[in-house]
Every structure is written in C-alpha cells, then in structure tokens.
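The values are calculated or read from the model by the stated rules, or taken from the named source; none is laboratory data. Just so it is clear, the model here is predicted, and its values are computed rather than measured. Glycine also receives a Cβ, built like all others from the backbone with ideal geometry; neighbour counts cover every protein chain displayed.
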Amino acid sequence: MALPLPSSLSPSKISSFTDCPLAFRFEAIERIPSAPTVATVKGTLVHAALERLMTLEAPARDRAAAQQCLAEARAELPTDPEWIELALPADQQEQFFTDAARLVEAYFAVEDPTEVEPTGLELHLEHTDPTTGMLLRGIIDRLETQPDGTLVVTDYKTGRSPNPRFAQSRLVGVHIYSYLVEQNYDARPGRVQLLFLGDRTIVADLPTDQSTRAIERKVRAVWEAIVTACDRENFQAKPSRLCDWCDYRDFCPAQGGSLELGLETAAALRAGGPHA
Ligand code: SF4
C-alpha cells in the first residue's frame with residue numbers, strides 16, 4: 001500500500017528530503033514531530049523581534065526599539081508550545097536571552113533598517129505546479145521594494161554563514177521564495193539574500209532565467225522522488241554528520257534503530273496515544 005503524499009512542499013521539506021529521505025518520512029509523512037532545540041526557539045524569538053521592528057515607521061527602527069521589540073516577543077514566550085517543551089533550566093535562560101539580544105544587536109551591523117521598505121513580512125505564498133499538481137508553499141521573512149522598484153527577498157539566519165563553497169546550496173530556499181514571488185506577482189525579484197546574524201554576514205544572489213529554471217527543475221525532481229518513494233514505501237536512510245542531531249535515530253536502521261518502533265510511534269501519535 002502506497003504511503004500518503006505530503007499535502008505540499010516547502011523549502012524546509014525539500015531540504016529535509018534532500019538531506020535524508022528517511023528522516024523526511026518520519027517528519028513529513030509519519031508526522032512524528034521533532035523536538036524543539038535552543039537554536040530553533042532562539043531563532044524564532046529573534047525573527048519575531050525583527051518582524052516587529054519592521055512594522056515600525058522607518059525612522060523609529062533604532063537599536064533601542066529593536067531591543068524593545070525583543071522584550072515584547074519574549075513576553076509571549078510563556079505560552080509558546082515550543083518554549084514550554086524546551087523547558088530550559090533557569091540558569092540557562094539568562095544565556096538564552098543574552099544571546100538573543102546579541103543577535104538582534106548584530107542585525108544592525110548587516111544593514112540599516114531605516115532604509116528598508118517592507119512589502120510583506122512573514123509573507124505566505126503558494127503555487128500549484130500545473131504539470132505535477134504539487135502545491136509549493138513558503139513563508140518569506142521579508143519581501144521589500146527598493147526605490148527603483150526592485151523586489152528583494154530576505155531571510156534571517158541566526159547561525160553563521162557557510163563556507164563560500166557551500167553558499168549556493170544555502171541559497172536554494174531563497175531562490176524558491178523568489179520563484180514563488182514571480183509566480184504570484186508576475187515579477188522576478190532582483191535580489192535574494194540571507195542575513196547571517198551569527199557572524200554579521202550577508203550572502204546574496206541574483207535570480208536569473210537560468211536559476212529560476214533550475215529551481216523549477218529541482219522542485220519537480222524532489223516531488224517526483226517523493227512520489228516514487230511513497231509508491232514504493234521506500235525512503236532510504238542517508239547517514240551524514242546530520243545524524244548527530246537527528247531526532248529519529250532510535251527509528252533508523254542505519255543507526256541501529258528500529259523502523260518498526262518508528263511506525264508504532266507514528267500510529268500511537270495518530271491514535272492520540274503517548275510517544276513510544
Ligand atoms: S539518523 Fe541519519 S540516516 Fe538515520 S534518519 Fe536520521 S539523518 Fe537519516
């Protein structure tokens with residue numbers, strides 16, 4: 001019996017399948033949620049602060065306002081399910097918030113927020129591929145319009161920038177966002193960029209006919225590979241250094257785990273029972 005297809009693809013799902021098809025199966029097909037980490041929760045908090053900052057009038061976007069935006073986002077943490085699940089000990093919370101404040105401060109080293117003209121923040125876009133019927137979704141941190149009318153896609157990253165040899169692979173996500181913008185607004189962005197706050201670096205690229213066609217081919221190829229894997233119930237493990245951080249090691253035969261245990265866990269979750 002074929003496995004159910006995911007309802008949509010997104011840059012993170014494409015990256016997940018490309019990194020390891022088996023981990024993708026546990027997360028996107030079997031719907032076993034991965035546990036929040038300090039890095040992901042901190043990233044969400046910093047994103048929320050920068051989103052708030054961009055809603056202010058341009059001249060008001062200074063350092064003090066940014067830290068105030070962080071404080072407002074922090075005030076919502078106690079009801080955030082991921083923060084609650086993280087259950088960070090009190091002595092580690094101070095470091096968590098110090099790091100978040102440092103990342104918000106670092107933002108001012110990569111650009112001047114008073115010069116940004118946001119067109120969309122946390123912008124949800126989607127497009128159905130007429131050839132495959134696949135629904136592609138994305139949430140863009142920031143879409144802006146420059147004075148000359150050029151659209152710019154920006155994604156914030158709270159980690160450090162990659163070795164230049166791997167920069168192109170890290171840009172795939174923003175190129176997919178550019179593709180979604182083009183499909184929805186009939187206008188191709190003139191720039192895509194990743195703002196790495198961890199080391200205060202911008203990695204940028206220029207979408208072209210060639211890059212846009214390459215993204216379209218890549219998304220279709222990943223979708224077709226997922227369809228085939230679902231048909232055959234065959235999602236291969238792809239061991240790499242990412243295994244050290246994988247939430248599905250107990251279910252992974254390549255790591256001595258049990259696929260059956262993973263499927264039982266998924267079934268228990270679907271039935272509303274406890275995690276196996
Ligand atoms: S442990 Fe490694 S190989 Fe196994 S599912 Fe996770 S990422 Fe894939």
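Tabulated data
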{"read-out": "Hits in the range 161-212 (condition: touching a residue at least 12 places away in the same chain (Cβ under 8 Å), under 25 Å from Ala109 (Cβ atoms) and among the aromatic types (Phe, Trp, Tyr))", "value": "Tyr177, Phe196"}
{"read-out": "Qualifying residue in the range 205-214 (condition: among the charged types (D, E, K, R), more than 16 Å from the ligand (Cβ to nearest atom), on the phi > 0 side of the Ramachandran plot and surrounded by 12 or more Cβ atoms within 10 Å (Cβ to Cβ))", "value": "no"}
{"read-out": "Hits in the range 219-276 - residues which are in a helix (DSSP H, G or I), among the polar types (S, T, N, Q) and within 16 Å of the ligand (Cβ to nearest atom)", "value": "Gln255, Thr265"}
{"read-out": "Among residues of the range 17-40, those that are surrounded by fewer than 20 Cβ atoms within 10 Å (Cβ to Cβ), in a helix (DSSP H, G or I) and within 17 Å of the chain's Cα centre (by Cα), counted", "value": "5"}
{"read-out": "Hey, Thr18 farther than 30 Å from Gly256 by Cβ and modelled with pLDDT of 95 or more or not", "value": "no"}
{"read-out": "Criterion violated by Glu126 - all others in (1) in contact (Cβ under 8 Å) with a residue 40 or more places away in the chain; (2) at positive phi satisfied", "value": "(2)"}
{"read-out": "Selected residue [under 18 Å from Leu197 (Cβ atoms) and in a helix (DSSP H, G or I)] from Gln67, Gln92", "value": "Gln67"}
{"read-out": "Failed criterion for Pro207 (all others in (1) part of a loop (DSSP other than H, G, I, E, B); (2) modelled with pLDDT under 95 hold)", "value": "(2)"}
{"read-out": "Residues of the range 81-116 classified as among the acidic types (Asp, Glu) and in contact (Cβ under 8 Å) with a residue 24 or more places away in the chain, total", "value": "6"}
{"read-out": "Qualifying residue in the range 183-192 (condition: within 22 Å of Glu126 (Cβ to Cβ), in the same structural domain as Asp205 (by TED's automatic domain parsing) and surrounded by 20 or more Cβ atoms within 10 Å (Cβ to Cβ))", "value": "yes"}
{"read-out": "Test for Ala60: is it over 30 Å from Leu259 (Cβ atoms) and out of contact with any Lys or Arg (no Cβ under 6 Å at 6 or more places or on another chain)", "value": "yes"}
{"read-out": "Single residue of Leu22, Leu53 found to be among the hydrophobic types (A, V, I, L, M, F, W, C) and closer than 30 Å to Arg232 by Cβ", "value": "Leu22"}
{"read-out": "Filter result (more than 23 Å from Leu125 (Cα to Cα) and assigned to a helix (DSSP H, G or I)) within the range 160-181", "value": "Pro164, Arg165, Phe166, Ala167"}
